[in-house]
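Following: one structure in structure tokens, then a few remarks.
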Amino acid sequence: MKIKGIITAMVTPLSENGINEKATRKLVNKLIDSGIHGLFILGTNGEFYALSEEEKLELVKIVVDEVDGRVPVFAGSGGISTEAVIKLTNQFAALGVDAVSVITPYLIKVSDDELIQHYKKIAENTNLPIILYNIPANTKISISEAVFKELVKIPEIIGIKDSSGQIDTVKMYLTLSERDDFSVLVGSDSLILTALKAGVDGAVAATSNVLTKTDLGIYHAFQNNELEKAKILQESINDFRRILKLATIPSVLKYSLELTGIPVGSPKRPVCDVPVTFDSEIRTTLAQYKEIEGMNDLS
């Protein structure tokens, strides 16, 4: 499997009773109908850290069913315990996901050798392709050059999502990933165009939940060598990225989807809803994208 294009780091639609099935199906279809190349569920913006195992399995089941093979589905099965990751990965396999994303362990600072063995054990005891997930600002662990050199040798590991925000780290992975079937994906939305120019295969973009056509436009313009257009589109997402920082993720992202008519609900506690003081600023910012995204009047 070669992963390419713009993949949405999808939020998890929730209600008071858990996963909101109707809203999940609506969001999936909105993204696919807009032309997205894949869905990345149960990542950081998908609140994997706050969902129960039961909720994760329910979300995967709904998404896989609604997608029905139209685009690949990548699900986050990562955690601190190797045993728990293996168990969840095998459960996801039974539900039909195309690959899993496995974040580095967090909370504890494992050694390089322990990190390598963690991924080797997962690869040996599961049957799904694995995408590494590097987000050191959150986990306090970075997949170093030495570790990556070993992990890229494992055939079951087919890619890496890098959310370090450092283009030099992305370039390091590109240099060391010599396999034709290995994908390097950028997970920092500010770097989509820069990373494409460096040679990445695509991006896992949280902004594409809302700015789906804008993010896709960056990718397609780059593919068509329309670099000035790609640059303008890349710069255009900066205002949206700015408002995402007004409150704890993914609260602004979820509220923005609510305003565009997809009832994804509130974040899981301890993350709270967006303070009402930011409502006007968020609405004003979203209005900038109404034409390109085909948004109706914000609800």
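Any read-out appearing in this document is the output of simple, stated calculations on the displayed coordinates, not a laboratory observation. Note that the coordinates shown come from a computational prediction; the quantities given were computed from them, not determined experimentally. Glycine gets a Cβ as well: all are built from the backbone with ideal geometry, and neighbour counts include every protein chain shown.
Seen from all sides and averaged, what is the projected area of the convex hull of the Cα atoms in the stretch 168-299, in nm²?
Its Cα hull, projected and averaged over all orientations, spans 9.3 nm².
I need the GluC sites (Glu not before Pro) found in the stretch 140-242, filtered to DSSP loop residues with at most 11 other beta carbons within 10 Å of theirs.
Passing sites in the stretch 140-242 are 178.
Which loop GluC sites (Glu not before Pro) in the stretch 1-57, with loop taken from DSSP, have no more than 14 other Cβ atoms within 10 angstrom of their Cβ?
Taking the stretch 1-57 and a limit of 14 other Cβ atoms within 10 Å, the loop GluC sites (Glu not before Pro) found are 16.
Based on DSSP H runs of at least 4 residues, each adding -39500 (n - 2.57), what is the mean residue ellipticity at 222 nm of the chain after dividing by all its residues, to the nearest 500 deg cm²/dmol?
-13000 deg cm²/dmol
Work out, step by step, the length gained on full extension between residue 140 and residue 190: first 0.36 nm times the residue separation, then minus their alpha carbon distance; give nm to one decimal.
Stretched fully, the residue 140-residue 190 segment lengthens by 15.9 nm.
Can you give the charge dipole size of the stretch 156-299 about its Cα centre, rounded to the nearest 20 debye, using +1 on the beta carbon of Lys and Arg and -1 on the beta carbon of Asp and Glu?
340
Give the residues of the stretch 272-299 whose amide nitrogen is closer than 11 Å to a point set 7 Å from the Cα of residue 236 in the direction of its Cβ.
288-294
Just to be sure I understand the model, the point goes 7 Å from the Cα along the line to the Cβ. What's the resulting residue 166 to residue 225 distance in nm?
In this crude spin-label approximation the distance works out to 3.4 nm.
So if R0 is 25 Å, what FRET efficiency would residue 33 and residue 65 give, r being the distance between their Cβ atoms, rounded to the nearest 0.05?
E(calc), rounded to 0.05, equals 0.90.
Residue 15 to residue 111: extension gain in nm, 0.36 nm per residue of separation minus the Cα-Cα distance?
Roughly 30.6 nm would be gained on extension.
Would you calculate the separation in nanometres between label points at residue 276 and residue 87, each defined as 7 Å from the Cα along the Cα-to-beta-carbon direction?
4.3
Checking the table 30/120; 30/61; 26/268; 56/268 against a 25 Å threshold on Cα-Cα, which pairs fail?
30/120
Using DSSP to define loop residues, name the chymotrypsin sites (Phe, Trp or Tyr not before Pro) in the stretch 4-52 whose beta-carbon has at most 16 other beta-carbon atoms within 10 Å.
49
Taking 8 Å as the Cα distance limit and 6 or more residues as the minimum spacing, I'd like the relative contact order of the chain as a percentage.
It comes to 18 percent, rounded to a whole number.
Using the Cα centre as the reference, give the magnitude of the dipole from point charges on the C-beta atoms of the stretch 68-225 (Lys, Arg: +1; Asp, Glu: -1; all else neutral), rounded to the nearest 20 debye.
For the stretch 68-225, the charge dipole is close to 240 debye.
Please report the base-10 log of the normalised intensity I(q)/I(0) for the stretch 84-173, using a Debye sum with one equal scatterer per alpha carbon and no solvent, at each q in 0.14, 0.18 (1/Å).
Per q value, in the given order, log10 I(q)/I(0) is -0.47, -0.78.
Compute the signed sum of charges (Lys and Arg +1, Asp and Glu -1) over the other residues within less than 14 Å, Cβ to Cβ, of residue 161.
Within the 14 Å Cβ shell, the charges total -2.
For residue 25 and residue 2, calculate 0.36 nm times their separation in residues minus their Cα-Cα distance, and state this gained length in nm to one decimal.
Separation in residues times 0.36 nm, less the Cα-Cα distance, equals 5.7 nm.
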